[in-house]
Amino acid sequence: MICPRSFGLQICNLIVEFDDYFNDFDKDHCECIKSSVEKREKKLLVTLITEKNDIDEFIVFRVFGNGKPVTAKLRFKR
């Protein structure tokens with residue numbers, strides 16, 4: 001788990017919900033963003049932290065279930 005006091009200035013908490021249940025996930029984003037992701041049923045609970053004042057980055061989540069992988073591409077901008 002990320003401690004907000006130990007790293008950054010900006011915090012974003014969000015929920016990414018998928019249509020179906022999934023078994024596993026992976027994520028991809030710039031090293032300037034620190035993230036904590038927790039899986040709950042059909043959702044990913046995400047906390048994003050960065051030290052940058054001006055940021056425009058994409059965060060990609062891929063979930064794996066019984067079918068083909070599903071991708072969510074989110075834009076984190078401030």
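The values are calculated or read from the model by the stated rules, or taken from the named source; none is laboratory data. These figures come from a predicted structure and were not determined experimentally. Cβ: placed from backbone, ideal geometry, glycine included. Neighbour counts: every protein chain shown. The accessibility values were calculated without ligands, DNA or RNA, using every heavy atom of the protein model including side chains. Shrake-Rupley method; radii C 1.70, N 1.55, O 1.52, S 1.80 Å.
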- Members of the range 34-78 found to be out of contact with any Gly (no Cβ under 9 Å at 6 or more places or on another chain), surrounded by 13 or more Cβ atoms within 10 Å (Cβ to Cβ) and of a type in the set (Val, Ile, Thr), listed by number: Val37, Val46, Thr47, Ile55, Ile59, Val63, Val70
- Grab the strands (runs of 3 or more DSSP E) fully contained in the range 38-78, keeping just those with 1 or more residues being more than 13 Å from the chain's Cα centre (by Cα) and farther than 16 Å from Phe22 by Cβ. 56-64, 70-77
- Cβ pairs under 6 Å, 6+ apart, first in the range 54-70 and more than 16 Å from Lys39 (Cα to Cα), second acidic (Asp, Glu): none
- Which one of these does Phe22 not meet: (1) open to solvent by less than 30 Å² (accessible area, probe 1.4 Å); (2) modelled with pLDDT under 85? (2)
- Item | Matching residues in the range 20-36 - criterion: being assigned to a loop (DSSP other than H, G, I, E, B), within 14 Å of Val70 (Cα to Cα) and either in contact with a Pro (Cβ under 7 Å, 6 or more places away or on another chain) or among the charged types (D, E, K, R) (or both) | Asp20
